[in-house]
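In what follows, a structure is listed as structure tokens, so that the remarks can point back to it.
The values are calculated or read from the model by the stated rules, or taken from the named source; none is laboratory data. Just so you know, these numbers come straight off a predicted model, no measurement behind them. Cβ atoms come from the backbone with ideal geometry, glycine included; neighbour counts cover every protein chain shown.
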Amino acid sequence: MDTALLIESPFSPLLGLLVGALLLFAGRRLFWFLVAAVGFLLGYQLASQGLGFEELWLQLLVAVVVGVAAAVLAVVLQRLAIGLAGFVIGGAAAAWFAGTAFGASVGVQWAAFVIGGLLAAVVAGLLFDAALVVLSALLGASFVVQALPGLGVELAGSAPIVAFLVLAAVGMGTQALGRPRRRRDAARRNRD
């Protein structure tokens with residue numbers, strides 16, 4: 001397991017910043033985009049590490065196919081899709097924490113990935129809306145922090161972790177605060 005924040009971003013710094021910001025602040029509203037992004041990342045990892053494709057175009061092709069399939073899955077089977085996204089993001093977060101905070105071995109990080117993934121999948125399925133907010137904010141914050149050095153913003157020591165936690169909290173807060181207005185507007189439309 002890599003010690004990158006959650007899931008290592010395959011994007012260029014500018015694209016990583018844009019995708020990260022979109023997920024960070026609008027991930028719940030763009031549920032299909034969150035699942036598509038996780039599918040893209042999973043496809044990219046599968047192509048580059050699992051299948052051993054060395055050509056970038058093959059890695060991107062597999063990533064796009066898996067991302068599109070994930071987006072379709074998100075639209076058709078929302079709860080299953082958020083469970084799968086929860087598994088991947090929750091597992092990556094647990095593995096990252098085990099490796100970063102405790103210096104755990106690769107085997108322990110994989111065990112943390114499976115346990116954290118299963119727990120996150122169950123929670124994501126039970127708390128669908130809240131899970132969207134948390135998962136999209138975590139992934140978005142991860143991408144933004146990883147993009148910063150490529151954009152000339154160097155973070156040393158524990159600054160990346162602090163930046164990640166602050167961004168994730170701000171993203172969760174922003175998305176959560178946007179929620180009551182949507183319900184109020186829906187209630188108004190139902191009355192009219």
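The condition of being at pLDDT 90 or above, in a helix (DSSP H, G or I), among the β-branched types (V, I, T) and surrounded by 14 or more Cβ atoms within 10 Å (Cβ to Cβ) holds for only one of V72, V122, V88, V108, that being V108.
Taken over the stretch 147-164, the criterion of being without any contact (Cβ under 8 Å) to a residue 24 or more places away in the chain and not polar (S, T, N, Q) is satisfied by G152, V153, E154, L155, A156, G157, A159, V162, A163.
In the stretch 5-23, the residue that is modelled with the lowest pLDDT out of those that are among the small types (G, A, S) and part of a helix (DSSP H, G or I) is G16. Checking G50, G43 one by one, the residue that is closer than 30 Å to Q175 by Cα and of a type outside the set (K, R) is G43 and no other.
Residue count for the stretch 125-151, restricted to those that are surrounded by 15 or more Cβ atoms within 10 Å (Cβ to Cβ), under 21 Å from S9 (Cβ atoms) and not small (G, A, S): 11. If you go through the stretch 24-46 and keep only what is assigned to a helix (DSSP H, G or I), of a type in the set (A, V, I, L, M, F, W, C) and surrounded by fewer than 23 Cβ atoms within 10 Å (Cβ to Cβ), you end up with F25, A26, F31, W32, F33, L42, L46. Within the stretch 47-69, being loosely packed, with under 14 Cβ neighbours inside 10 Å and outside any helix (DSSP H, G or I) holds for L51, G52, E54, E55.
Residues that are basic (K, R) and at pLDDT below 60 within the stretch 160-188 comprise R181, R182, R183, R184, R188, listed in sequence order.
Six or more apart or on different chains, Cβ atoms under 6 Å: show the pairs whose first residue is in the stretch 52-73 and under 24 Å from F87 (Cβ atoms) and whose second is β-branched (V, I, T) and crowded, with 18+ Cβ neighbours inside 10 Å. Close Cβ pairs satisfying both conditions: A70/V35.
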